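A short worksheet on the structure shown next.
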Amino acid sequence: MTTDGVEPAVLSDEDLLRELRHLGETRLDALRHASDQALEEHTHRTRQLEAEYLRRMPEREIDPERLREGARSR
């Protein structure tokens, strides 16, 4: 499988976040209307970019409301 696009490791932080936002914006359309191959490419690229984000931001801020305990307290 080949994925077009710049290697995630060479993207600036700003470009990485922009790419992640774009994938989020296009996900539903890809899921609903893309070919199986295009959906697989979308998924692959998303995984690449998310892995790079997590590598760069291992101490990212976690919203307590997104944790199980936070959800239960609502």
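The values are calculated or read from the model by the stated rules, or taken from the named source; none is laboratory data. Everything numeric here is computed off the predicted structure, so don't read it as measured data. Ideal geometry is used to build each Cβ from the backbone, glycine not excepted, and the neighbour counts take in all protein chains shown. What goes into the accessible areas is simple: the full protein's heavy atoms, side chains included, and nothing from ligands, DNA or RNA. Shrake-Rupley method; radii C 1.70, N 1.55, O 1.52, S 1.80 Å.
For segment 1-23, the set of residues classified as under 19 Å from R55 (Cα atoms), surrounded by 10 or more Cβ atoms within 10 Å (Cβ to Cβ) and at pLDDT 95 or above consists of P8, A9, L11, D13, D15, L16, L17, R18, E19, L20, R21, L23, listed by residue number.
Filtering segment 24-52 to residues that are surrounded by 10 or more Cβ atoms within 10 Å (Cβ to Cβ) and either free of Cβ contacts under 8 Å to residues at least 12 places away in the same chain or outside any helix (DSSP H, G or I) (or both) leaves G24, D29, L31, A34, A38, L39, T43, R47. Taken as a whole, the structure places R55 among residues that are under 19 Å from V6 (Cβ atoms) and open to solvent by 70 Å² or more (accessible area, probe 1.4 Å).
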